[in-house]
1. Compute the label zone of residue 33 within the stretch 41-82: residues whose backbone N is under 18 Å from the point 7 Å along Cα-to-Cβ.
2. Suppose all protein chains stay in the model; what accessible area per residue would a 1.4 Å probe give for the chain, in Å²?
3. Using alpha-carbon pairs under 8 Å, 6+ residues apart, how would you state the relative contact order of the chain in percent?
4. Can you send over the carbon and sulfur percentage of the accessible area for the chain, probe radius 1.4 Å, protein chains only?
5. Residues with beta-carbon under 12 Å from that of residue 28, excluding residue 28: net charge, scoring Lys, Arg +1 and Asp, Glu -1?
6. Nearest 20 debye, what's the magnitude of the dipole of the chain about its Cα centre given +1 on Lys and Arg Cβ and -1 on Asp and Glu Cβ?
Amino acid sequence: RFHEENATIELEWTSWDDDGEVHIHVAATNHFQDGESDEYTHVKTVPLVDGRAEIDVSEMPSDFYKVVLEAPHNTVNRWVVN
């Protein structure tokens, strides 16, 4: 969920295994649609057991964000639309 008032994105997840960490990466572009690559920025690492994180995107203003959650056993990619 995007919070416009403080330019943060709130993330939540459910895990089958609470060991390890989640690496959170964000891109504020969609160059992929033109056959190019998007540049993802690592913004935070949190314990998997937390089940949530809030990330600050105030330094990368955009109408949408591609968010990747990378955990030990899987990776999830989601779009957050402002």
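1. Once the point is set 7 Å along Cα→Cβ of residue 33, 61-67, 78-82 turn out to lie under 18 Å by backbone N, inside the stretch 41-82.
2. 68
3. 36
4. Roughly 46 percent, rounded to a whole number.
5. -3
6. The dipole magnitude comes to about 140 debye.
The values are calculated or read from the model by the stated rules, or taken from the named source; none is laboratory data. Values in this document were obtained by computation on a predicted structure and should not be read as measured data. All Cβ positions, even for glycine, are placed from backbone atoms using ideal geometry, and neighbour counts span all protein chains on display. SASA here: full protein model, heavy atoms, side chains in, ligands and nucleic acids out. Shrake-Rupley method; radii C 1.70, N 1.55, O 1.52, S 1.80 Å.
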